[in-house]
Amino acid sequence: PEALELAAGFSAEHPLRPEAADFIVERAAGNPLYLRELVSVGRAQGLLVEEAGQYRLADAGALAAALQALLAARLDALDPAQKRAVQLTAVMGGATPEHLDALGAVDTEHALRALVEAGLLRQTPEHRFESVDALLREVAYEALPRNLRGDLYRNAARIVGPDERARHLERAAHYLDDDAVTASAASAVTA
């Protein structure tokens, strides 16, 4: 309800139709920055169309893609060490500084501190770092080439405990055409 009111407030002169507001709030995961940006992009690109005194959403797919492009641009504007830390964290699904160092991150402590201050990562009570929201994690992850994802998962499997090891090996096998990784994944899952 609060996010719906916020989205409606961003739409300015006309209220959002309920289905438009629901889509925008869901896509933004309630994040006020994303809400504002989605409404702004929707209006600027003609995706929010005034009809009978309300804004209706003309093309939900284009609006969702616009938010992903916005997040990708934000990641691209980061210092390379910070962007790499966000991407490695996305692969790990939450990582310690030691995990990131083992996967080849540089200037890890400084990068993590800057990313938390920028509101892109948060530290969990278990002292892991994770993306502040799923869409940001997805955009960071999708920016990695497919074969690099496989290599990162294979390397991650070497530095985590047995429960996480199986998951990382399964993901590595998905991305790599490597019989040894596939066999390791199969034995890790059945162990």
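A compact table of results
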| quantity | calculated |
| --- | --- |
| Solvent-accessible area per residue for the chain (1.4 angstrom probe, square angstrom) | 51 Å² |
| Counting DSSP beta bridges with both ends in the chain, the antiparallel % (nearest 5) | 90 percent |
| For the stretch 92-106, 3J(HN,Hα) per residue [Karplus equation, 6.51 cos²θ - 1.76 cosθ + 1.60, θ = phi - 60°, Hz, x = Gly/Pro] | 6, x, x, 9, 8, x, 5, 4, 5, 4, 5, 8, x, 5, 10 |
| Degrees between helix 32-44 axis and first principal axis of the chain (Cα, 0 to 90, nearest 10) | 60 degrees |
| Nonlocal amide H pairs with Tyr55, under 5 Å, H built at 1.01 Å | Leu16, Arg17 |
| Estimated dipole of the chain in Debye, rounded to 20 [Cβ of Lys and Arg +1, of Asp and Glu -1, Cα centre] | 240 debye |
| Computed [θ] at 222 nm, deg cm²/dmol, the chain (DSSP H ≥ 4; -39,500 (n - 2.57); rounded to nearest 500) | -20000 deg cm²/dmol |
| Centroid-to-centroid separation of the stretch 11-48 and the stretch 127-173 [C-alpha atoms, Å] | 31 Å |
| Within the accessible area of the chain (1.4 Å probe), percent carbon and sulfur | 52 percent |
| Anisotropy class of the chain from Cα gyration tensor, a/c 1.5 cut | prolate |
| Degrees separating the helix 108-117 axis from the principal Cα axis of the chain, which is the longest one | 20 degrees |
| Ordering of 158-164, 172-178, 95-101 by burial proxy (mean other Cβ atoms within 10 Å per residue, highest first) | 95-101, 172-178, 158-164 |
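The values are calculated or read from the model by the stated rules, or taken from the named source; none is laboratory data. What you see is a predicted model; the values in this text were computed from it and never measured. Using ideal geometry, Cβ is built from the backbone for each residue, glycine included, and neighbour counts are taken over all protein chains shown. Just the protein is used for accessible areas: all its heavy atoms, side chains included, with ligands, DNA and RNA removed. Shrake-Rupley method; radii C 1.70, N 1.55, O 1.52, S 1.80 Å.
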